[in-house]
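Below you'll find the structure, written out as structure tokens, and then a few comments.
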Amino acid sequence: MKIEKGIDLSRFILEEERKYPKASGTLSRILISIENATKIISSHIRKAGLVDVLGKVGRINVQGEEVQKLDELANNWLVEHLASTGDFFAVVSEEMEKAFFPEGGKDGKYVICLDPLDGSSNVDVNISVGTIFSIYKRISDDDTSFLQEGRKQVAAGYVIYGSSTMLVYSTGNGVNGFTLDPGVGSFILSHPNIRIPEKGKIYAFNESNYKRWSDGIKKYVDIVKEKGYTLRYVASMIADVHRTLLKGGIFAYPADNVNKNGKIRLLYEANPLGFLVTQAGGIASNGNSNILDVKPESLHQRTPIFMGSKMDMEEFLSVTKES
Ligand code: AHG
Ligand code: MN
Ligand code: MN
Ligand code: MN
């Protein structure tokens, strides 16, 4: 299919489906449900100061974080839209301790991992946030279907609620970006076949953690500062990774002596975004192995994560391996 700008997401999804004559259309329906739910999230974020969606709900989630109203609203809108399709077996979300098995999903062929609102500490101060999704084939009758390596993802993507609302996703044949036209209410193909630059000049590390890092990480950051790299760090992984995809460079959330396994969650942050960066020609690693080869052991497990341009990541891995 010639990928021409201007095609809308629903048509793009269906044309992609036609490439697989045996496709049942289930995956397409799941992607379209996610698309519809994220339009609702986007519309509420765009008027957040005017409708009652800001602030906290007064509950601590399984991550030990204070839940923002929009964390919970985004989670509920996504799960409700998905559950209505009857097309998936179970969903894991940052905001739900256990996997959720929808009523009509007993024969569902897929499982879905969600970060309903990434960067939610930023939403009250009008800084970009996002939604992340990751889809696998169901391989069991319980939540062990979620413990598959990231390489087995059938699809992964995100929506960034930034200066514009963009949906970026891949089903394993490259990465395409769609911009929401609020006037029409459709995501329109605006960034066909996204390729990450081989090398960038931007590093996205939370330098306030410098003292807590291993010597290898410190050495790498010292080297790139010497080389005149710019620091850009939004503290919404979605925004930092989206910028890295388009401009190149490296995003990192290392382990440190406080966060022994890092902060970023494997199933619904590191794996989907690592899949996209890899599909766009970059590299994603936990510092020792490719992140997409890591066998998950638990639903909310955390991991050190480094991802970005091929040459930047190769330099990072060789510097930190030597140290
Ligand atoms: P979430 O809002 O989904 O809990 O994720 C927040 C994550 C990620 O988006 C971001 O890169 C990281 O937290 C920022 O952590 P620090 O504020 O510790 O740098
Ligand atoms: Mn959170
Ligand atoms: Mn997140
Ligand atoms: Mn989140």
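Summary of values
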quantity: Length released on extending from N206 to E97, taking residue separation times 0.36 nm less the Cα-Cα span; calculated: 36.5 nm
quantity: Where labels lie 7 Å past Cα in the beta-carbon direction, separation of S323 and V184 in nm; calculated: 4.8
quantity: Pairwise centroid distance, computed over Cα atoms, of the range 1-46 with the range 101-148, Å; calculated: 17
quantity: Cβ-based net charge around G49, under 14 Å, with every Lys or Arg adding one and every Asp or Glu removing one; calculated: +1
quantity: Highest-first arrangement of 6-12, 74-80, where packing means the average Cβ count within 10 Å; calculated: 74-80, 6-12
quantity: Helix-derived mean residue ellipticity, 222 nm - over the chain, DSSP H n ≥ 4, -39500 (n - 2.57), to 500; calculated: -9000 deg cm²/dmol
quantity: Helix 26-46 axis, angle to the chain major axis (alpha carbon atoms, nearest 10°); calculated: 70
quantity: Ranked by how many other beta carbons lie within 10 Å on average, peptides 132-139, 181-188 from highest; calculated: 132-139, 181-188
quantity: Cα gyration tensor shape of the range 60-155, rounded if a/c is under 1.5, else prolate or oblate by comparing a/b with b/c; calculated: prolate
quantity: Ellipsoid semi-axes in whole angstrom, largest first, where each is sqrt(5λ) of the Cα gyration tensor of the chain; calculated: 29, 22, 21
quantity: Prolate/oblate/rounded call for the range 9-191, Cα gyration tensor, a/c under 1.5 rounded; calculated: oblate
quantity: Point-charge dipole on Cβ atoms (K/R +1, D/E -1) for the chain, about Cα centre, debye to 20; calculated: 740
quantity: Full-stretch length increase - D107, D293 - with 0.36 nm per residue and alpha-carbon distance subtracted; calculated: 64.2 nm
quantity: Lys, Arg +1 and Asp, Glu -1 on Cβ, resulting dipole of the range 202-322 about Cα centre, debye, nearest 20; calculated: 240
quantity: Listed residues S145, S208, S84, most fluctuating in the chain (Gaussian network, C-alpha, under 10 Å); calculated: S208
quantity: Selection from T144, I188, S134 lying farthest towards where the dipole of the chain points positive, charges on Cβ; calculated: I188
quantity: The range 1-58: proportion of alpha-carbon pairs further apart than 15 angstrom, %; calculated: 63
quantity: Whether the range 28-94 is rounded, prolate or oblate, judged on the alpha carbon gyration tensor where a/c under 1.5 counts as rounded; calculated: oblate
quantity: Rg/Rh (Cα only; Kirkwood hydrodynamic radius) as it applies to the range 202-322; calculated: 0.92
quantity: For the range 9-191, size of Cβ-based charge dipole, Lys and Arg +1, Asp and Glu -1, in debye; calculated: 620
quantity: The chain: relative contact order as a whole-number percent, Cα under 8 Å and 6+ apart; calculated: 15
quantity: Nearest 10 degrees, 0 to 90: helix 69-83 Cα axis against the chain principal axis; calculated: 50
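Read-outs throughout are calculated quantities, based only on the coordinates presented, and are distinct from any laboratory measurement. Keep in mind that this is a model prediction, so the values were computed, not measured. All Cβ positions, even for glycine, are placed from backbone atoms using ideal geometry, and neighbour counts span all protein chains on display.
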